[in-house]
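Heads up: the structure comes next, in structure tokens.
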């Protein structure tokens, strides 16, 4: 399976996997997952890797219905600014391919901020570590496993 699924199984936390046929021509991965799984785009969260002002990396987890607020993420991280990380840099650091980056089971766990809107749901969906595979879990369990905090980091 994937490192994200392995992490969940080792932690003994309840989760479900949801698989769908990924269309290789699609680049709006989160929207595709929402459409193919029949889940509202406010409940499916994308994992975005950013670089920080000290050249470090961090993760923002936001609903696919919104956009990452880079200034809000910087504030949550205690940094002056953040910018989207380069594709190669994020893939190398997390061990996942773009479009399948999970906040769980990364090679090196990056500082993680989850948008506060996740708390409106008992469970949310995040990438399980590859395109076409989503994991459904409690947002609080996700925060505990990734040592994340909740903060308003999305724009709608």
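The values are calculated or read from the model by the stated rules, or taken from the named source; none is laboratory data. Computed from a predicted structure; not experimentally measured. Please note: Cβ atoms are built from the backbone with ideal geometry, for glycine as well, and neighbour counts cover all protein chains shown.
Quick check, is residue 132 out of contact with any strand residue (DSSP E or B) (no Cβ under 7 Å at 6 or more places or on another chain) and surrounded by fewer than 24 Cβ atoms within 10 Å (Cβ to Cβ)? No; evaluated as a whole, the condition is false for this residue. Among the residues that make up segment 96-104, is at least one of them touching a strand residue (DSSP E or B) at 6+ places or on another chain (Cβ under 6 Å), part of a helix (DSSP H, G or I) and closer than 30 Å to residue 23 by Cα? For segment 96-104, residues touching a strand residue (DSSP E or B) at 6+ places or on another chain (Cβ under 6 Å), part of a helix (DSSP H, G or I) and closer than 30 Å to residue 23 by Cα: absent. The set of residues in segment 105-129 being assigned to a loop (DSSP other than H, G, I, E, B), out of contact with any strand residue (DSSP E or B) (no Cβ under 8 Å at 6 or more places or on another chain) and under 17 Å from residue 64 (Cβ atoms) consists of 121 alone. Out of all the residues in segment 19-52, which are within 20 Å of residue 96 (Cα to Cα) and surrounded by fewer than 16 Cβ atoms within 10 Å (Cβ to Cβ)? Residues satisfying the conditions are 19, 20, 21, 23, 24, 25, 26, 27, 28, 31. In segment 109-121 there is at least one residue that is over 18 Å from residue 17 (Cα atoms), modelled with pLDDT under 95 and surrounded by fewer than 19 Cβ atoms within 10 Å (Cβ to Cβ).
The residues of segment 107-128 that are within 11 Å of the chain's Cα centre (by Cα) and under 20 Å from residue 153 (Cβ atoms), listed by number, are 112, 113, 114, 115, 124, 125, 126, 127.
Here segment 139-156 is the region considered, the condition is being in contact with a helix residue (DSSP H, G or I) (Cβ under 8 Å, 6 or more places away or on another chain) and part of a loop (DSSP other than H, G, I, E, B), and the residue that is farthest from residue 65 (Cα to Cα) is 148.
Do we find that residue 55 is on the phi > 0 side of the Ramachandran plot and surrounded by fewer than 19 Cβ atoms within 10 Å (Cβ to Cβ) in this structure? When the stated conditions are applied, residue 55 passes them. Scanning segment 1-37 for residues that are at pLDDT below 95 and under 18 Å from residue 48 (Cα atoms) yields a total of 9. Among the residues of segment 51-74, those identified as within 14 Å of residue 93 (Cβ to Cβ) and out of contact with any strand residue (DSSP E or B) (no Cβ under 7 Å at 6 or more places or on another chain) are 55, 56.
Residues of segment 4-17 include none that is assigned to a helix (DSSP H, G or I), surrounded by 15 or more Cβ atoms within 10 Å (Cβ to Cβ), without any contact (Cβ under 8 Å) to a residue 60 or more places away in the chain and within 17 Å of the chain's Cα centre (by Cα).
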